[in-house]
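**Q** I have a structure I would like to understand better, so I am pasting it below and will then ask my questions one at a time.
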Amino acid sequence: MLLVVSLAILGCETSADIKVREQQKRQDFIAWASQRYQYGMGIFQEMDFSNPDKEKADIASTAFFAGTDMNMEFKDRKDCSIAINSSCPNAQELYYAAECLKLIGEWGSIEKGLTIKDSMLRYYADLIPENYSGPLKEKVLPLRNQIIDVDENMVKPMKEAQGARYRQLQAEYDRTYSEWVAKMEDDDSYYDEEYYAAGHYEEDYDDDGYRIDRRADRRVDRKQREMPYNYWRMRHRDR
């Protein structure tokens, strides 16, 4: 009976009712995104960008994300895009700035944030336009430019110097190793072709000494097996 009543109520819903309900959902979503955006703006206005707090930056990042095109709810409601872009200006760029601040806060400095493996700091900084003129321009744009400046003038040269030093050490190792091998070939008959021709070599390369150890074990086993026979010979030698 309850099911029949429910179906009857739903069946009575007019197209106008549906339109009103969808309009309410739209307004609720816009209000929610705008509220989240203002919350993130409040965090950014108080935050010291030169010494960011990782936890607060993470909260601001989540808040700004609500008004970006990356938000799945936003994608499902294209009819809200104009209103959200109006009430949440430059939410996308502010989200990128929050991600930068989160990484800097986590690692303690821009330089450290750029040198960690698989760092996304430079990636997010590049996503902020060079001519950014949105909210908090006086804080966001210097942050973006400082990250790029540190990367270009400090981190990249340091990595190039480290790479050059590594290549130098590798070349030195290759040279000394080649000299060592050449000396071994001159001093050790193992490397002499005549030594090979005479059959003085092992068919299997014994890098870990396994074959030598096995030969030693076999010699011990053979001596142990021969001990009773030798004892018998000594007892009966004078008989």
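**Q** Among (1) over 12 Å from Ala33 (Cα atoms); (2) touching a Leu at 6+ places or on another chain (Cβ under 9 Å), which single condition is Phe64 missing?
**A** Evaluating Phe64 over (1) over 12 Å from Ala33 (Cα atoms); (2) touching a Leu at 6+ places or on another chain (Cβ under 9 Å) leaves (1) as the failure.
**Q** Turning to a different aspect of this structure: With (1) at pLDDT 90 or above; (2) more than 17 Å from Gln38 (Cα to Cα) as the list, and Lys159 as the residue in question, which single condition is left unmet?
**A** (1)
Per-residue answers, yes or no, for (1) more than 20 Å from Thr62 (Cα to Cα); (2) under 21 Å from the mean Cα position of the chain (by Cα); (3) not hydroxyl-bearing (Ser, Thr, Tyr):
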| site | (1), (2), (3) |
| --- | --- |
| Asn90 | no, no, yes |
| Leu94 | no, no, yes |
| Ala97 | no, yes, yes |
| Ile104 | no, yes, yes |
| Ile128 | no, no, yes |
| Tyr132 | yes, no, no |
| Leu143 | no, no, yes |
| Gly163 | yes, yes, yes |
| Gln168 | yes, no, yes |
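**Q** Could you check the range 110-127 and list, in sequence order, the residues that are β-branched (Val, Ile, Thr) and either assigned to a helix (DSSP H, G or I) or touching a Gly at 6+ places or on another chain (Cβ under 7 Å) (or both)?
**A** Ile110, Thr115
The values are calculated or read from the model by the stated rules, or taken from the named source; none is laboratory data. Computed from a predicted structure; not experimentally measured. With ideal geometry, Cβ positions are generated from the backbone for all residues, glycine too; neighbour counts draw on all protein chains shown.
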